[in-house]
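Engineer: Below are the structure tokens for one structure; questions will follow.
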Amino acid sequence: MKKSYLLLSLIVVVLLAATSISVFAQDPVELRIAWYNDGNEGEVLRDLLDRFEAENSDIRVVVDTIPYDAILNQLPVQVQAGEGPDMARVTDQAAYRGYYLDMRSLVADAAYWDASFPAAALAALRLEGDETGLYGFPNQFTVSAPYINRTLFEQAGVEVPSDSMDAVTWEEWTEAAASAAQATGTPYAIAMDRSGHRFAGPMFSQGAVLFHDDGTITIDSEGFRSMAQILIDWHTRGLTPVEVWVGSGGTYSAGADFFINGQVAMYMSGSWQVGRFANDIGDAFDWEVVPNPTGPGGSTGMPGGTFMVAFSETEHPAEVARVMDYLASADVLREFSERSLFIPAHLGLGELNFATDNPLAEAALVAFANEVPKLSDQAYQLQYGGQGFAINNPIRDRLTQVIAGELTLDEAVARIQQDIDDALATAGQ
């Protein structure tokens, strides 16, 4: 009797263990994405991933939404220490070269990826000498260009220069914006994001040449000095809110807030603001995107955008590739772009139906798309050459010191060059 009881107990234990193993084996693989938001794109991503999970019950994707500063400054350290997520949305793609997961043999159709995204963008994720690595894709494209508060111009009786002129200079826009602000009692005429990236488009339009055929990079040029002086003069004349570049109480203010609140007539930023402006401005005033001002270097903004990338330290490379395949697919990327109001980097989506009943937002997206063919080679080199942060950050920081009265422009030019040389030497470039 005791033997029968022991045998029965053993059978029960074995069955329970087997059941536990079976349940454990069916637990979904958990993958994590590090993500930041400009607008509603995180909500759109989550909705798309919910559909993916419904059809792929063996995978669960967690989206960790963190501030952009954390993506920029903390995520590279985590990835290099082997403690990063499986995937991430990044802007400084060069910071992770050598740490990406090569998905060429893992995705369903690598040829689709090669044909669907700009070759320069895919190459931006590769180390020198690597011509085939497939590490991610650009999930949105951005373009920098100015916004104007058209209502202020109309109230002031000041003609919007681009209404009658095919080529308008930064000097002409400055005076028109100043006139509109003065006539309407608006606090400021013009603002530009405190960003080397935002400054770069105007700098190139003014004729700056950073990159030379012999591989050298030089900051000192008539074009750079011209745009720097325009920015300095905005502050000297009180045309721009000092809090954006110089800051207040140890923090910097967002130029977008001044534009949204109707406190500035013209604002140099980019296409990533469209969704926010559509939501936050509402019908308070009419706003629009105008062509990038023209100068000796043409009429160029800066390309930009974000990449969805996968990291080699993942414990589940096959599952990561399935998620990336899904997010890179034409139908999914089209919906992501239409709903988040971003310009797609996919080459084959055709005309999009942006999910907005706001004609101002729709017109702005079309205007930004029209700026893409005008982007200069220097602009593309700065964005995708892997040296962007080494160049943009010193420009931003040293010009801030000039505006604050801590440096002369001559001193700033010399220090920017030294900062760039030091940063590239440290990076082995």
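The values are calculated or read from the model by the stated rules, or taken from the named source; none is laboratory data. Just so we're clear, the structure is a prediction, and the values are computed from it rather than from any experiment. We place every Cβ from the backbone using ideal geometry, glycine too, and count neighbours over all the protein chains shown.
Engineer: Do you know which of the residues in the stretch 381-429 that are part of a loop (DSSP other than H, G, I, E, B) and out of contact with any helix residue (DSSP H, G or I) (no Cβ under 9 Å at 6 or more places or on another chain) is surrounded by the fewest Cβ atoms within 10 Å (Cβ to Cβ)?
Structural biologist: GLY428
Engineer: While we're looking at this one, here's another question. Tell me which residues, restricted to the stretch 160-211, are closer than 15 Å to TRP234 by Cβ and among the acidic types (Asp, Glu).
Structural biologist: GLU171, GLU172, GLU175, ASP193
Engineer: Can you tell me which residue among ALA278, ALA284, ALA265 is hydrophobic (A, V, I, L, M, F, W, C) and part of a strand (DSSP E or B)?
Structural biologist: Working: ALA278 fails: part of a strand (DSSP E or B); ALA284 fails: part of a strand (DSSP E or B).
Exactly one residue qualifies, and that residue is ALA265.
Engineer: Does any residue of the stretch 288-311 turn out to be in contact with a Phe, Trp or Tyr (Cβ under 9 Å, 6 or more places away or on another chain), crowded, with 20+ Cβ neighbours inside 10 Å and in a helix (DSSP H, G or I)?
Structural biologist: no
Engineer: Need the failing condition index for PRO344 against (1) closer than 28 Å to ALA124 by Cβ; (2) surrounded by fewer than 21 Cβ atoms within 10 Å (Cβ to Cβ), just the number.
Structural biologist: PRO344 satisfies every listed condition except (2).
Engineer: Another question, then. Restricting to the stretch 179-216, name every residue that is of a type in the set (Gly, Ala, Ser), in a helix (DSSP H, G or I) and buried (at least 21 other Cβ atoms within 10 Å of the Cβ). Before the answer, list the steps.
Structural biologist: First, pick out the residues of the stretch 179-216 that are of a type in the set (Gly, Ala, Ser): 179-181, 183, 185, 189, 191, 195-196, 200-201, 205, 207-208, 215.
Now restrict to residues that are in a helix (DSSP H, G or I): 179-181, 183, 196, 200-201, 205.
Within the stretch 179-216, ALA180, ALA181, GLY196, ALA200, GLY201, SER205 qualify.
Engineer: Could you go through the stretch 235-245 and let me know if any residue there is at pLDDT below 95 and either over 23 Å from the mean Cα position of the chain (by Cα) or among the aromatic types (Phe, Trp, Tyr) (or both).
Structural biologist: no
Engineer: Somewhere in the stretch 73-90, is a residue charged (D, E, K, R), part of a loop (DSSP other than H, G, I, E, B) and either surrounded by fewer than 20 Cβ atoms within 10 Å (Cβ to Cβ) or within 17 Å of the chain's Cα centre (by Cα) (or both)? Spell out how you get there, then give the answer.
Structural biologist: In the first step, residues of the stretch 73-90 are kept if they are charged (D, E, K, R); the result is 83, 86, 89.
Of the ones still in play, those that are also part of a loop (DSSP other than H, G, I, E, B) are 83, 86.
Checking the rest, the ones that are also either surrounded by fewer than 20 Cβ atoms within 10 Å (Cβ to Cβ) or within 17 Å of the chain's Cα centre (by Cα) (or both) come to 83.
Checking the stretch 73-90: at least one residue is charged (D, E, K, R), part of a loop (DSSP other than H, G, I, E, B) and either surrounded by fewer than 20 Cβ atoms within 10 Å (Cβ to Cβ) or within 17 Å of the chain's Cα centre (by Cα) (or both).
Engineer: Return the residues of the stretch 156-165 that are touching a residue at least 24 places away in the same chain (Cβ under 8 Å) and surrounded by fewer than 17 Cβ atoms within 10 Å (Cβ to Cβ); say none if nothing qualifies.
Structural biologist: GLY157
Engineer: A follow-up question, please. Is it true that some residue in the stretch 277-291 is modelled with pLDDT of 95 or more and closer than 26 Å to GLN401 by Cβ?
Structural biologist: no
Engineer: Does GLU172 satisfy the condition of being within 26 Å of PHE153 (Cα to Cα), surrounded by fewer than 20 Cβ atoms within 10 Å (Cβ to Cβ) and free of Cβ contacts under 8 Å to residues at least 60 places away in the same chain? Spell out the reasoning first.
Structural biologist: Working: within 26 Å of PHE153 (Cα to Cα): yes; surrounded by fewer than 20 Cβ atoms within 10 Å (Cβ to Cβ): yes; free of Cβ contacts under 8 Å to residues at least 60 places away in the same chain: no.
In short, no.
Engineer: Within the stretch 99-155, how many residues are at pLDDT 95 or above, in the same structural domain as MET324 (by TED's automatic domain parsing), surrounded by 14 or more Cβ atoms within 10 Å (Cβ to Cβ) and assigned to a helix (DSSP H, G or I)?
Structural biologist: 3
Engineer: Any idea which of (1) farther than 30 Å from ASP109 by Cβ; (2) among the polar types (S, T, N, Q); (3) without any contact (Cβ under 8 Å) to a residue 60 or more places away in the chain is the one ASN358 doesn't satisfy?
Structural biologist: (3)
Engineer: Would you confirm whether any residue within the stretch 55-68 is assigned to a helix (DSSP H, G or I) and surrounded by fewer than 18 Cβ atoms within 10 Å (Cβ to Cβ)?
Structural biologist: Looking for residues that are assigned to a helix (DSSP H, G or I) and surrounded by fewer than 18 Cβ atoms within 10 Å (Cβ to Cβ), one finds at least one in the stretch 55-68, hence yes.
Engineer: Kindly indicate which of VAL209, VAL264, VAL274 is touching a residue at least 40 places away in the same chain (Cβ under 8 Å), under 22 Å from GLU41 (Cα atoms), out of contact with any Gly (no Cβ under 6 Å at 6 or more places or on another chain) and of a type in the set (A, V, I, L, M).
Structural biologist: Unique residue meeting the criteria: VAL274.
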